[in-house]
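Notes to accompany the following structure.
The values are calculated or read from the model by the stated rules, or taken from the named source; none is laboratory data. Treat the numbers as computed from the prediction; the structure is a model and nothing was measured. Using ideal geometry, Cβ is built from the backbone for each residue, glycine included, and neighbour counts are taken over all protein chains shown.
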Amino acid sequence: MIGISACLGGICCRYDGQAKEIVALKKLVEDQKAILVCPEVLGGLPIPREPAEIIGGDGLDVWNDQAKVYTNTGADVTDLFKQGAIMAYQKLIEKEVTTIILKENSPSCGGKSIYDGTFSGNHRSGPGVATAYFISKGLEVISENDWQTVLDREGSKCQKTKY
């Protein structure tokens with residue numbers, strides 16, 4: 001079983017109330033080979049919601065109390081992001097998920113890139129809050145940009161049988 005960011009699986013749960021569906025990933029869920037999680041919604045954030053970005057670092061810095069997550073109007077949503085990461089992880093572990101495909105650039109799910117905290121659309125290197133937590137707990141995190149590698153790997157696990 002793999003995990004997938006809910007927005008990539010077709011759920012309209014992004015901050016703007018939209019999805020970023022990848023059809024092949026949605027099919028994995030339909031075939032009961034994957035589960036969907038949205039750490040931001042699990043943490044109690046509404047749909048839609050104000051855009052949020054990490055100010056002062058990345059997701060690792062948030063867990064080390066060296067950075068915070070704020071909305072574009074200045075509301076501190078750090079605790080909601082942390083709680084959502086913890087709740088998402090618990091859901092993933094219950095389903096024995098060891099690999100998760102996450103939405104790049106998200107302040108929660110970004111793996112290699114997140115928005116830079118200026119609400120200007122610019123990016124910086126680093127993980128989001130949930131990604132940092134998942135990695136610290138030993139989950140394999142795959143960017144949406146590399147999702148095909150997971151399908152290729154899963155396909156190679158099939159055993160060939162003679163008929």
Scope segment 22-79; condition more than 30 Å from Arg153 (Cα to Cα), of a type in the set (A, V, I, L, M) and crowded, with 18+ Cβ neighbours inside 10 Å; matching residues
Leu45, Ala52, Ile54, Ile55, Val62, Ala67, Val69, Val77
Quick one: Leu60 ticks every box in (1) touching a residue at least 40 places away in the same chain (Cβ under 8 Å); (2) touching a strand residue (DSSP E or B) at 6+ places or on another chain (Cβ under 8 Å); (3) assigned to a helix (DSSP H, G or I) bar one, so which box is it?
(2)
Can you go through Ala88, Ala132 and tell me which one is within 21 Å of Ile11 (Cβ to Cβ), small (Gly, Ala, Ser) and out of contact with any Asp or Glu (no Cβ under 6 Å at 6 or more places or on another chain)?
Ala88
Mind listing whichever residues of segment 109-131 are over 22 Å from Gly74 (Cβ atoms), crowded, with 23+ Cβ neighbours inside 10 Å and more than 9 Å from the chain's Cα centre (by Cα)?
Pro127
Just to be sure before I move on: is Ala85 modelled with pLDDT of 95 or more, of a type in the set (A, V, I, L, M), in contact with a Pro (Cβ under 9 Å, 6 or more places away or on another chain) and under 15 Å from Gly3 (Cα atoms) in the structure I sent?
yes
Within segment 94-108, restricting to residues that are more than 17 Å from Val150 (Cα to Cα) and either touching a strand residue (DSSP E or B) at 6+ places or on another chain (Cβ under 8 Å) or in contact (Cβ under 8 Å) with a residue 24 or more places away in the chain (or both), the one that is surrounded by the most Cβ atoms within 10 Å (Cβ to Cβ) is Ser108
Residues satisfying the stated conditions in segment 1-19, i.e. buried (at least 19 other Cβ atoms within 10 Å of the Cβ) and closer than 15 Å to Ser108 by Cα:
Gly3, Ile4, Ser5, Ala6, Cys7, Leu8, Cys13, Arg14, Tyr15
